[in-house]
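To start, the structure itself, in structure tokens.
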Amino acid sequence: MIGDALALLLVNGCLFVAGAGLTRALGGWRRPRELAAIAATSLLLGTAVFGVTAQLLYVLGLSLAAPQFFALCALLAATGARCNGPVTALGRQLPPTRLEWLAAALLGLPLLLLALNAVHQPLASWDAWAQWTPKALALVELDGLDSAVFASPAYADWHPDYPLLVPALEAAAFRFGVGVQTIHLQFVLI
């Protein structure tokens with residue numbers, strides 16, 4: 001369990017770095033201390049752009065094995081390397097007030113409890129065990145998008161018209177050894 005959670009943190013750390021480069025390119029921050037104000041936005045943007053790009057790369061025939069995952073995250077992070085313009089409204093933020101700190105603490109406790117529950121939660125949700133996770137495992141086991149499986153009439157219940165964003169995120173985690181029980185923690189992090 002601990003190893004799975006650490007592997008998931010590695011994957012999300014890479015997605016955060018990718019998102020940090022993207023938010024820097026958008027003018028969200030210039031100095032590292034400015035990044036703290038939009039850390040959550042950076043993780044969400046990195047996750048979203050990785051997920052969309054991964055879908056396209058799977059269609060193009062890539063497997064998104066660990067080296068390709070790292071290369072894609074590095075490429076996304078590099079988008080902000082040469083940005084020196086002014087910080088936009090995305091990065092401007094006043095220091096949190098006491099009331100905001102209290103609200104964050106009150107929200108943090110239930111989120112911590114949800115995270116602990118997610119680590120021990122079985123794969124019980126219909127969409128999880130019937131759709132997203134099998135597709136993610138197939139992406140890993142078949143080393144990419146195999147149209148003989150994903151477009152086969154036998155797998156019509158998998159809804160081949162559904163986007164592969166969630167399976168692509170889960171597949172990235174599975175490639176680093178995250179188990180099917182710990183994968184729920186991914187959505188708590190998001």
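The values are calculated or read from the model by the stated rules, or taken from the named source; none is laboratory data. Bear in mind that the values here come from a model prediction, so they are computed numbers and not experimental data. Quick reminder, even Gly has a Cβ in these numbers, built from the backbone with ideal geometry, and neighbours come from all protein chains shown. When the accessible area is computed, the model is the full protein with side chains, heavy atoms only, and any ligands, DNA or RNA have been set aside. Shrake-Rupley method; radii C 1.70, N 1.55, O 1.52, S 1.80 Å.
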| note | Carbon/sulfur accessible area of the chain, % of total, 1.4 Å probe, equals 70
| query | How far apart, in nm, are the 7 Å Cα→Cβ label points at Leu56 and Ala115? | reply | 3.2
| Which FRET efficiency value, to the nearest 0.05, do you get for Leu102 and Val188 by plugging their Cβ-Cβ distance into 1/(1 + (r/R0)^6) with R0 = 22 Å? | 0.50
| Using a Gaussian network model of the chain with C-alpha springs under 10 Å, which one of Ala18, Ala40, Ala172 is most mobile by mean-square fluctuation? | Ala40
| remark: The simple spin-label model distance between Asp143 and Ala39, using points 7 Å out along Cα→Cβ, in nm, is 3.9
| message | Let me check I've understood the local charge: for Ala81, count other residues with C-beta under 14 angstrom from its C-beta, Lys and Arg +1, Asp and Glu -1. What total comes out? | response | +3
| query | Against the longest principal axis of the chain, how steep is helix 66-77, in degrees 0 to 90 to the nearest 10, with axes from Cα atoms? | reply | 30
| task | Would you mind pulling out the separation of the Cα centroids of the stretch 1-51 and the stretch 125-189, in Å? | result | 22
| remark: Given Cβ charges of +1 for Lys and Arg and -1 for Asp and Glu, the option among Ala36, Leu123, Ile183 whose Cα lies farthest towards the positive end of the dipole of the chain is Ala36
| remark: With the 1.4 Å probe rolled over protein heavy atoms, the chain has an accessible area per residue in Å² of 56
